[in-house]
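Each remark here refers to the structure printed beneath this line.
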Amino acid sequence: KMSSGAADLRQRKKQSCTESDKMAPEERNKENSKPGRSPKYVLIQRFAKLFFGCLAAVTSGMMYAVYLSTYHERKFWFSSRQELEREITFQGDSAIYYSFYKELLKAPSFERGVYELTHNNKTVSLKTINAVQQMTLYPELIASVLYQASGSEEVIEPVYFYIGIVFGLQGIYVTALFVTSWVMSGTWLAGMLTVAWFIINRTDTTRIDYSIPSRENWALPYFACQVAALTGYLKKTLNCSAEKFCYLLVSASTYTFMMMWEYSHYLLFVQAVSLFLLDSFALAQTEKVHEVYKIYLFSLFLGYLLQFENSALLVSPLLSLVAALMLSKCLQVNMKKGTFMSRLLKIMYIYLVLTITVTLNFLLKMLVPHKENGHLLKFIEVKLGLNTTKNFTMNWLLCQESLQAPSQDFFLRLTQSSLLPFYILVLIICLFSVTQVIFRRICGEPLKDTVKLEDGRIGERPEIVYHVIHTILLGCLAMCLEGMKYLWTPYVCMLAAFGVCSPELWMTLFKWLRLKAVHPILLALILSMAVPTIIGFSLWKEFFPRIMTELSELQEFYDPDTVELMTWIKRQAPVAAVFAGSPQLMGVIKLCTGWMVSSLPLYNDDDLLKRNENIYQIYSKRSAEDIYKILTSYKANFLVIEDSICNEVGPVRGCRVKDLLDMANGHVVCEEGESYAYSKYGRFCHEIKMNYSPYVNYFTRVYWNRSYFVYKINTVISFQS
């Protein structure tokens, strides 16, 4: 029965857009024939609703971008800083991304700048890298082209132009979430509530405060646009023109998203799994779902070509899953209807797809040469408790806050803003409704072409089912890794706002409760307006004063020690010098001075990871000779010791850099349940400050302040006392 129902659904989908458009005027005529409603009145009403909704969506996005810009100015005093002080605000990997943007602008031509980035040998010592491919620098390429082509050199400084684009994209992000909630609920009041929850929970919805140039800040707005277009595309009641527009927007945003972020195909894989489950239970039009699969294939193919034949896309789980789904569809089509094998394939459909996916992925990894983040697989093994390791890099990653389980404070913040309770309520109602629909499909009951308000069947709407599955999958990831909350929480805001503003959701609940005292449709309409209004007023009263205080409060970010260090390097260090130190500091040195470094704060390359681990040995208990050999093997001329790492007093013992190094080097001794670091050598970063032999034979201190100690690595070693 399930198979016959799916066949009926596919048959209904095969109606052409022309037929759908022929039906549309009849429905409009029925609506227009209602007493007291002329066609002109209905047209004006629809136009007004669309106009004010779009105006509210665009205004929300613009206001959010202005809010981010104002907050950034108050936090860093950006307009009153010198260029060096502004650049220091970019930390870690953000500094590297912005440094390449600067290099593109300094190049004599755009073509020459791109060539120097793709054949870069002036960033990491003894290493030539394709920075565009390895660091996904397409955002910087686009920003530099726009800056030069628009003639902005005489109007705005490069740094303002760069962060302005990022803030503008965040405005588009918010607008896309607004539109998604509006499309699902039918009222732009849901969009307003989505934006309010997003801004109030900004700590958990975006990383824009900590890392402006990060890849996800460039990429996620495009993914939000793709989700908004996909939501409209999955709707049953959609005319031909709107369907084509949504399809084109899904195509463009999917490809752009894939080009902006190296991990985008993993997020698209989660989305593909959601669509696969949606299609497996015959809750969506199969042809539409398979059109989205074709978009994935096209984006992967085009991305592979334009990303310098990026093999990671070929061995990605997304490609294996989509290929398995297309192959499974062919097997089903070629089977004769009603045969035993056809029914068996229907029953074993999910198992079949999973088996083909795993097999294809295994074969591709065997046949295609790749460096597809092998350390990620090792990390997952250790994270799930399937393996243990003393490896410094693995344990350092496990200690990162973003890769640990979310804290109780995260759930407390979502509860205080009333977001989590309403999300759970909406999710439970939608899940129960979807379960009912699946049970009806198994029993052979077909889906309705159009779901009316009085039906109380919100689980029959494919776009709703998709979002329920999508947020559950993202939520499972967020429960394992706190960093995933930035992908999950925005869609929690959207789904919760849609639910409380949707009369259909309230009507579904009242159908179960079988209300008789009050007319359920009237009550559903009242609650869909009253509940979000009450939530909005309470949020306004509690959180609006806090936001205004944030914007009016002057914060001070000033790091004089780092400014002094960068100034000394630019004035005193030779142009050909190579600096060694922690990867985070090396990123800042590269940005602020342009000097070559021995390592970078990037974690997608095995060679760079090994370099980082070796350079970090300056904080271990190893001999001066060992450290000297490591540094000279990378042609380093200067060593920078950070006092904050050397004397680190971390909240979690065992997660400090020096603790992880001692464990990896076998310098940890356990006695009576306590662990102690033991080595015949003292900690290098402490011992080198004492200025005694053999340390002074290998290293000469040339600069120091309260936070940094800079040592010249001697080329001629003297062992005279």
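The values are calculated or read from the model by the stated rules, or taken from the named source; none is laboratory data. Note that this is a predicted model, so its numbers are computed, not measured. So basically every Cβ, Gly included, is an ideal-geometry build from the backbone, and we count neighbours across all protein chains shown. Note: areas computed on protein heavy atoms with side chains; ligands, DNA, RNA excluded. Shrake-Rupley method; radii C 1.70, N 1.55, O 1.52, S 1.80 Å.
So which chymotrypsin sites (Phe, Trp or Tyr not before Pro) in the stretch 567-616 are both in a DSSP loop and have at most 11 other Cβ atoms within 10 Å of their Cβ?
none
On a 1.4 Å probe surface of the protein chains, which of T471, T359 comes out largest in accessible area, and what is the full order?
Sorted descending by solvent-accessible area, the residues read T359, T471.
Which value, in debye to the nearest 20, gives the size of the charge dipole of the stretch 560-713 about its Cα centre, when Lys and Arg are +1 and Asp and Glu are -1 at the Cβ?
Here the stretch 560-713 has a charge dipole of around 640 debye.
Keeping all protein chains in the complex and leaving out DNA, RNA and ligands, what accessible area do you get for V358 with a 1.4 Å probe, in Å² to the nearest 10?
100
Quick one: Kirkwood hydrodynamic radius for the stretch 171-276, alpha-carbon pairs, angstrom, one decimal?
The Cα-based Kirkwood calculation yields 14.6 Å.
Taking all protein chains in place and a 1.4 Å probe, what share, in percent, of the accessible surface of the chain do carbon and sulfur account for? Kindly include the intermediate steps, with their values, before the conclusion.
On the way: 21130 of 34080 Å².
Roughly 62 percent, rounded to a whole number.
Quick check: convex hull over the Cα atoms of the stretch 410-519, volume per residue in Å³, rounded to an integer?
Spread over its residues, the Cα hull of the stretch 410-519 gives 113 Å³ apiece.
Taking a probe of 1.4 Å, how large is the accessible area per residue of the chain, in Å²?
Result: 47 Å² of accessible area for each residue.
So how tilted is helix 374-383 from the main axis of the chain? Cα-based, degrees 0 to 90, rounded to 10.
80
Along the Cα→Cβ direction, 7 angstrom out, place labels at A576 and I547. What is the inter-label distance in nm?
5.7
According to the Kirkwood expression over distinct Cα-Cα pairs, how big is the hydrodynamic radius of the stretch 228-292, in Å?
Details: mean 1/r = 0.0800 Å⁻¹.
So the Kirkwood estimate lands at 12.5 Å.
Please find the FRET efficiency linking C443 to A530, where r is the Cβ-Cβ separation and R0 is fixed at 30 Å, and quote it to the nearest 0.05.
Details: r = 37 Å, r/R0 = 1.22.
For R0 = 30 Å, the calculated efficiency reads 0.25.
What order do L427, L306 take when sorted by accessible area (1.4 Å probe), most exposed first?
L306, L427
Run the 1.4 Å probe and let me know the accessible area of R440, rounded to the nearest 10 Å².
About 50 Å², ignoring ligands and nucleic acids.
How far, in degrees from 0 to 90, does helix 624-633 lean away from the longest principal axis of the Cα atoms of the chain, to the nearest 10?
Roughly 60 degrees, rounded to the nearest 10.
With every protein chain in place, what's the accessible area of E381 (1.4 Å probe, Å², nearest 10)?
80
Hey, how many Å between the Cα centroid of the stretch 193-247 and the Cα centroid of the stretch 75-152?
27
Here is the link list: K383/K621; K127/K390; K106/K294; K236/K329; K383/K590. Which ones come out longer than 30 Å on Cα distance?
Listed pairs above 30 Å: K106/K294; K383/K590.
From the alpha carbon gyration tensor of the stretch 560-713, can you work out the equivalent ellipsoid semi-axes (sqrt of 5 times each eigenvalue) and give them in Å, largest to smallest? All intermediate terms of the calculation are to be shown ahead of the outcome.
Values: eigenvalues 136, 59, 46 Å².
With the √(5λ) rule applied to the stretch 560-713, the semi-axes are 26, 17, 15 Å.
Using R₀ = 60 Å, calculate the FRET efficiency as 1/(1 + (r/R₀)^6) where r is the Cβ-Cβ separation of D643 and K452; round to 0.05. Numbers along the way, then the final one.
On the way: r = 69 Å, r/R0 = 1.15.
The formula returns an efficiency of 0.30 here.
Over the chain, consider all pairs of different Cα atoms and compute the Kirkwood hydrodynamic radius from their mean reciprocal separation; express it in Å, one decimal.
28.7
On average, how much area does the Cα convex hull of the stretch 42-135 cover when viewed from any direction, in nm²? Provide the component values of the computation, followed by the final result.
Details: hull surface 41.7 nm².
Projected area, direction-averaged: 10.4 nm².
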